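Working notes, structure below.
Any read-out appearing in this document is the output of simple, stated calculations on the displayed coordinates, not a laboratory observation. Owing to the predicted nature of the structure, the values given are computational and were not obtained by experimental measurement. All Cβ positions, glycine included, derive from the backbone under ideal geometry; neighbour counts span all protein chains shown.
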Amino acid sequence: MTTPEISFEFFPPKNLEASFRLWDTVQSLAPLAPRFVSVTYGAGGTTRELTRDAVTTLHKNSGLRVAAHLTCVSATREETLAIADQYAEAGITDIVALRGDPPKEQGRFQPTPEGFNSSVELIEALAAKGTFTLRVGAYPESHPEAASQKANVEWLKRKLDAGADEALTQFFFEAESFFRFRDACAAAGIDTDRIIPGILPIENWKGVRRFAEACGTTIPAWLAEAFEKAERDNRCDLLATALCSELCGELLAGGVNKLHFYTLNRPELTRDVCHAIGVKSKVRLENVA
Ligand code: FAD
């Protein structure tokens with residue numbers, strides 16, 4: 001089994017305490033030498049400034065390659081591309097380009113007047129700048145809005161053809177879900193080395209369960225039972241580390257060589273899983289803040 005290359009997703013902190021937690025998380029995970037780390041953009045475009053500040057601060061102070069998430073929601077094309085230009089000026093080379101989830105009250109995505117109509121339009125515009133490594137979202141168990149799994153895969157191909165370099169997947173609980181999707185992508189002519197599995201260590205079972213239901217990720221009955229038992233015995237962390245390490249091991253055995261971890265700004269489980277799958281600490285992060 002090869003040792004994978006890894007990357008980490010963080011969300012932008014909303015207050016001082018959360019800023020310290022993010023910095024602690026970064027310091028704890030940086031020695032694992034991630035390919036890049038990414039910072040999300042709040043649903044409905046709610047964290048525009050917070051994301052920009054977190055991205056540029058991490059870029060300046062962490063020594064890590066930082067990718068900024070950017071969505072089409074609640075902004076005109078001009079505003080969205082101005083954010084990208086600010087990133088380029090600050091030396092940010094990586095963007096995760098998404099259509100984005102709409103504000104809660106809106107229900108379905110509706111393009112902003114003068115805004116991008118879809119992720120493909122955003123990717124094309126960013127690719128035309130020629131300065132960014134572009135990553136996009138992919139959905140192994142299909143996106144809730146996709147007409148079918150075939151349409152879901154075809155749309156991913158359009159995003160890659162529009163200029164995206166890699167796709168980071170939504171999380172899933174069984175390696176087979178990823179392998180089925182990878183096969184469908186291969187059949188559609190997609191270079192599957194560019195599809196990176198997204199891994200969510202289960203920090204909080206009830207929260208993850210709600211999140212999975214909302215985004216259409218299948219919750220296997222055995223998983224729900226295991227966490228219900230572990231909650232009674234207060235052993236959720238042990239179970240989460242074991243199951244996530246097993247999932248990553250199966251993916252690596254199936255030929256995957258890159259993994260993207262959703263850290264939720266908590267380093268412990270992600271770090272333990274990385275150690276379990278053979279990712280060793282390589283460097284010490286100098287605190288240059
Ligand atoms: P797309 O891939 O463009 O569309 C999703 C699906 O809808 C496709 O599978 C396709 O079948 C269908 N579809 C959409 N438009 C069309 C069309 N015009 N024609 C045909 N089919 C279409 N959300 C945030 O708000 N902020 C974030 O920072 C963020 N980070 C994310 C990171 C990752 C790795 C992932 C996987 C998701 C992230 N999301 C984030 C969630 C994401 O914004 C939502 O899932 C959103 O609903 C879809 O965005 P997308 O760019 O992946 O959509």
Notebook entry, point to check: How many angstrom separate the Cα center of the range 53-71 from the Cα center of the range 72-96?
Noted result: 13
Margin query: Under 10 Å, Cα contacts only: if you run a Gaussian network model on the chain, which one of HIS260, HIS59, HIS69 comes out with the highest mean-square fluctuation?
Written below: HIS59
Check: If one computes the Cα centroid of the range 184-235 and of the range 31-45, what distance in Å separates the two points?
Finding: 19
Next item on the list: Determine, for each peptide in 173-181, 37-45, the mean count of other beta carbons within 10 angstrom over its residues, then list the peptides with the highest first.
Entry: 37-45, 173-181
Margin query: Starting from the 7 Å offset along Cα-to-Cβ, what nm value, one decimal, do you get for the label separation of GLU268 and SER118?
Written below: 4.4
Check: Nearest 0.05, what FRET efficiency do ARG158 and ALA242 give at R0 = 35 Å with Cβ-Cβ as r?
Finding: 0.35
Next item on the list: Would you please give the residues with an amide H less than 5 Å from that of THR263, counting only those at least 5 places away or on a separate chain, with H modeled from the backbone geometry?
Entry: GLU9
Margin query: Suppose each label sits 7 Å from its Cα in the direction of the beta carbon; what would the SER28-ILE219 distance come out to in nanometres?
Written below: 2.5
Next item on the list: Any chance you could run the full-extension gain for THR46 through ALA88? It's 0.36 nm times the residue separation minus the Cα-Cα distance, nm to one decimal.
Entry: 13.0 nm
Notebook entry, point to check: By counting other Cβ atoms within 10 Å of each Cβ, how are ILE196, ILE123 ranked from fewest to most?
Noted result: ILE196, ILE123
Next item on the list: Please work out how much length the chain gains when fully extended from THR131 to PHE20, using 0.36 nm per residue of separation minus the C-alpha to C-alpha distance, in nm with one decimal.
Entry: 36.8 nm
Item checked: Of LYS157/LYS258; LYS159/LYS282; LYS14/LYS104; LYS104/LYS206, pairs whose Cα-Cα distance is over 29 Å -> LYS159/LYS282
Next item on the list: Would you mind calculating the gained length between PHE211 and LYS104 on full extension (0.36 nm times residue separation, minus the Cα-Cα distance), in nm to one decimal?
Entry: 37.1 nm
Checklist line | Cβ-placed point charges (K, R +1; D, E -1), dipole of the chain about Cα centre in debye, nearest 20 | finding: 240
Checklist line | Sequence of CYS274, CYS185 once ranked by neighbouring C-beta atoms within 10 Å, starting from the fewest | finding: CYS185, CYS274
Checklist line | Vicinal HN-Hα couplings computed from phi for the range 148-157 (Karplus, 6.51 cos²θ - 1.76 cosθ + 1.60; Hz; Gly/Pro x) | finding: 6, 5, 4, 5, 4, 6, 4, 5, 4, 4
